[in-house]
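What follows is a set of notes on a single structure, which appears directly below.
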Number of protein chains: 2
Amino acid sequence: MEKILINPIGVIRSPLRDRSQAPKQGREGQVEGRLVIGEKYREAMLGINAGMSITILYWLHLADRTRMKVHPRGNLSAALKGVFATRSPHRPNPIAVDEVKVMSVDGNTIYVRGLDALDGTPLLDIKCCLRDVSFKF
Amino acid sequence: MEKILINPIGVIRSPLRDRSQAPKQGREGQVEGRLVIGEKYREAMLGINAGMSITILYWLHLADRTRMKVHPRGNLSAALKGVFATRSPHRPNPIAVDEVKVMSVDGNTIYVRGLDALDGTPLLDIKCCLRDVSFKF
């Protein structure tokens, strides 16, 4: 398979400075922070407004990309699982998917709540709206 | 920001051959297909079993990465929106996030239902389980 080259669209600014402060599952986080979007992508922000929920994709730059199995949630008494059967940050392509709430937008900065990412995390994409997959299956 | 290099973990095999066959929103798809995982990532599949819902991330290799605004759902009478305020496939880093149901697993192949991706789409990641974000906000 051909390699894919990604340019981050921006960076996440967060009060979380290291992994010991980060929640194990995104649903546990209520942190406020900022998405600072690169100038060349500013046009693509049109329509992002306060009150919206957005999906953000970001690159877990501290993850171990060589890890193939983990103890779920770091629990050593739990059986090892393949990383694809978990939500571990450690995986070959550590792309996180999370939902955050937009508090406000100022120029190229989106202020959000519900963030779990560490400060300095590369932001890869923003998509609108929560997905409702409940009626798909 | 530093560029990020991604090696796909596999490829999606699907009966959908071109974009005219692909649903506009993932929730509309009920297509069956296969996730064919690269041999070096096979260990990471441990624990993926029939009946599970998995989140898949894939690269929309036919997307226009230069497009910054779109008419939502291709409706030309709708106002232009920035791609980050939509779920358009066209965006700087066209990474799709979808949920599929595992029908069976055979060696390095995961048979799934609820697929929306075109045949030959590079697969970037698999994560376990639907996310429940309903109580986060």
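The values are calculated or read from the model by the stated rules, or taken from the named source; none is laboratory data. Given the structure is predicted, the values throughout are model-derived calculations rather than measurements. Note: ideal-geometry Cβ built from the backbone for every residue, glycine included; neighbour counts use all protein chains shown. Areas reflect the complete protein model, heavy atoms only, side chains present, ligands, DNA and RNA absent. Shrake-Rupley method; radii C 1.70, N 1.55, O 1.52, S 1.80 Å.
So the values come out like this:
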item	result
Per residue value of the accessible surface for segment B:1-81 (all protein chains in place, 1.4 Å probe), Å²	57 Å²
Charge tally in the Cβ shell below 11 Å around A:Leu62, where Lys, Arg are +1 and Asp, Glu are -1, A:Leu62 excluded	0
Descending principal axes extents, chain A, alpha-carbon based, whole Å	47, 38, 34
Simple Cβ-charge dipole of segment B:41-137, Lys/Arg +1 and Asp/Glu -1, about Cα centre, in debye nearest 20	520 debye
Contact surface B-A: accessible area buried, both sides summed, square angstrom, 1.4 angstrom probe	6200 Å²
Net charge of neighbours whose Cβ lies under 10 Å from the Cβ of B:His90, counting Lys and Arg as +1 and Asp and Glu as -1	+3
Pairs beyond 27 Å (Cα-Cα), from A:Lys81/B:Lys3; B:Lys3/B:Lys40; A:Lys127/B:Lys3; A:Lys3/A:Lys101	A:Lys81/B:Lys3; A:Lys3/A:Lys101
Spin-label pair B:Asp64/A:Leu62, simplified geometry with 7 Å Cα→Cβ offset, distance in nm	4.0 nm
Label geometry 7 Å along the beta-carbon vector: A:Met103 inter-copy distances in nm	4.7
Estimated FRET transfer efficiency when R0 is 30 angstrom, pair B:Leu5-B:Asp119 (beta carbons, to 0.05)	0.75
Shape call, the protein assembly as shown: gyration tensor on alpha carbons, a/c limit 1.5	oblate
7 Å along Cα→Cβ, label-point gaps from A:Cys129 to other copies, nm, shortest first	2.7
